[in-house]
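Shown next, in structure tokens, is the structure this report addresses.
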Amino acid sequence: MTPPTVHSAAAPDTVDSGRIAAHLARFAQLTEAGEGCTRLAYTPLEREAHAVFTRHMTGLGLLVHTDPAGNTIAELPGDDDTLGAIGTGSHLDTVPHGGGFDGIAGVAAAMEIAEVVARRGVTHRRKWRFIAFAAEEGARFGQACNGSRMVAGLTGRADLDRLVDRDGRSMAEAMSAVGLHPDRIDDARWRPEDWHAFVELHIEQGEVLQSRGADIGVVDLISGSTRLRVAVHGRATHSGGTPMHLRHDALVVAAQCVTLGDRLARDEKHHGTRVTVGRLEVEPGSITTIPGAVDFSVDIRDVDTVRQRDVARRLAAEFDRIARAHGTSAQIDVLADTSPVLLSAAIAGQVRDSCAALGLSYRVLPSGASHDAQQINRIAPAALVFVPSRNGLSHAPQEFTSAAHIAGGSRVVLETMIRLDAEG
Ligand code: GLV
Ligand code: MN
Ligand code: MN
């Protein structure tokens, strides 16, 4: 085993929180109008953010390309071309009116790590890759982690026609509209034999680290999610002229479905299950007309793979029953279904050792949200490193993590990469 040329503690010490803050501020400018940050998957704004990443990496002398799925990958060659690569990165898209840290923190960390390594001439045996994944948020098309799912072979060409946004535009159409290549996504696939390990830095999106005063979270398990689209069809008629016993009110049905999901996830058998209805559209949306149609989403998250699917099945059956009881019908489609993932214990061990070497405190914890590392773990053993979220807030304009915390997490990722580089 060849030891790394530079002492492992030297390079992580030079990670600069000021440069990280500058990257975050630059990305925060790329947003639609309104509160917080809105940079949806496969939009021109997301592509502009990828162009910022590309310019930074090209300026450092890295080889950069954007694959047909829209993932941007920057590579620093290592001394031994035959060895598997080590990667780090996250995503640059956001939810509507989200924050400037979810995903972006991990990309800013990758930009800073690349700068430290390239400018200081840190030598490494393996190829080091820095990645901005495309379309991680499920907010636009229902399914999360699209770019990383495509490189892992978990989403194929047919899915790109099936997944549509609220305007009825398919993912394939949206990709083509921003110059990407849905017909060539197979070329974006990663080969496991080309990889050694992947480490993602991400904000926690919960308040465990803040409440425990820990610098770093080492994730052992990532929740799965099953997402449903429910379309209830009732009858739109006059709100004054239609007596209560003659109504087929789609919103009354939807309201019962919403509260049923909430109740189920709160009972003692479902401790840890999360059920959310985050989108609900009412037609015709008039104060004087009984709602004739309601379309809503359901997001079921769990670290227990069996319970996740049981809840999805049970809710679908109950929704159907509630709809019939009101003389309406419910059409239920599964939009996306991702299993929980147990991450590599070996790489998590390297992350913990790195925290200890750098004098940073850590806690081992599960992730409630989905992450690109969850998909990449299919290709190469992956680790997920959390940094604290202020008051646990995320997917909201109030989302905040200090640049100092992100710099701490970046040091841990760099130290971990140096250790992984030295592995046989
Ligand atoms: C990704 O942000 C998710 O929704 O878990
Ligand atoms: Mn994210
Ligand atoms: Mn997110």
Can you tell me which residues in the range 134-160 are more than 11 Å from ligand 1 (Cβ to nearest atom) and either at pLDDT below 95 or among the charged types (D, E, K, R) (or both)? R140, R149, R157, D159
Evaluate the range 268-277: report whether one residue or more is among the hydrophobic types (A, V, I, L, M, F, W, C) and touching a Leu at 6+ places or on another chain (Cβ under 8 Å). yes
I'd like the residue in the range 340-384 that is within 17 Å of E204 (Cβ to Cβ), away from ligand 1 (no atom under 16 Å from the Cβ) and of a type in the set (A, V, I, L, M) and, out of all such residues, is surrounded by the fewest Cβ atoms within 10 Å (Cβ to Cβ). V364
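Which one is nearest to ligand 2 (Cβ to nearest atom) among residues in the range 75-106 that are touching a residue at least 40 places away in the same chain (Cβ under 8 Å) and among the hydroxyl-bearing types (S, T, Y)?
Residues of the range 75-106 that are touching a residue at least 40 places away in the same chain (Cβ under 8 Å), as a first pass: 75-81, 83-106.
Checking which are among the hydroxyl-bearing types (S, T, Y) leaves us with 88, 90, 94.
Numbers: T88: 14, S90: 6, T94: 9 Å.
Among those residues, the one meeting the criterion is S90.
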Hits in the range 142-154 - residues which are within 15 Å of ligand 2 (Cβ to nearest atom) and open to solvent by less than 10 Å² (accessible area, probe 1.4 Å): Q143, C145, N146, G147, S148
Do we find that L228 is under 24 Å from D165 (Cα atoms) and open to solvent by 30 Å² or more (accessible area, probe 1.4 Å) in this structure? no
Hey, could you check the range 108-133 for residues that are closer than 23 Å to R378 by Cβ and open to solvent by 10 Å² or more (accessible area, probe 1.4 Å) and say which is farthest from ligand 1 (Cβ to nearest atom)? K127
What are the residues in the range 175-207 that are within 19 Å of the chain's Cα centre (by Cα), of a type in the set (A, V, I, L, M) and either over 25 Å from P340 (Cα atoms) or more than 16 Å from ligand 1 (Cβ to nearest atom) (or both), if any? M175, A188, A197, V199
Just to be sure before I move on: is F400 under 18 Å from the mean Cα position of the chain (by Cα), aromatic (F, W, Y) and within 19 Å of L365 (Cα to Cα) in the structure I sent? no
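The values are calculated or read from the model by the stated rules, or taken from the named source; none is laboratory data. Bear in mind that the values here come from a model prediction, so they are computed numbers and not experimental data. As a convention, Cβ positions derive from the backbone with ideal geometry for all residues, glycine included, and neighbour counts pool all protein chains shown. Side chains included, ligands, DNA and RNA excluded: accessible areas come from the protein's heavy atoms. Shrake-Rupley method; radii C 1.70, N 1.55, O 1.52, S 1.80 Å.
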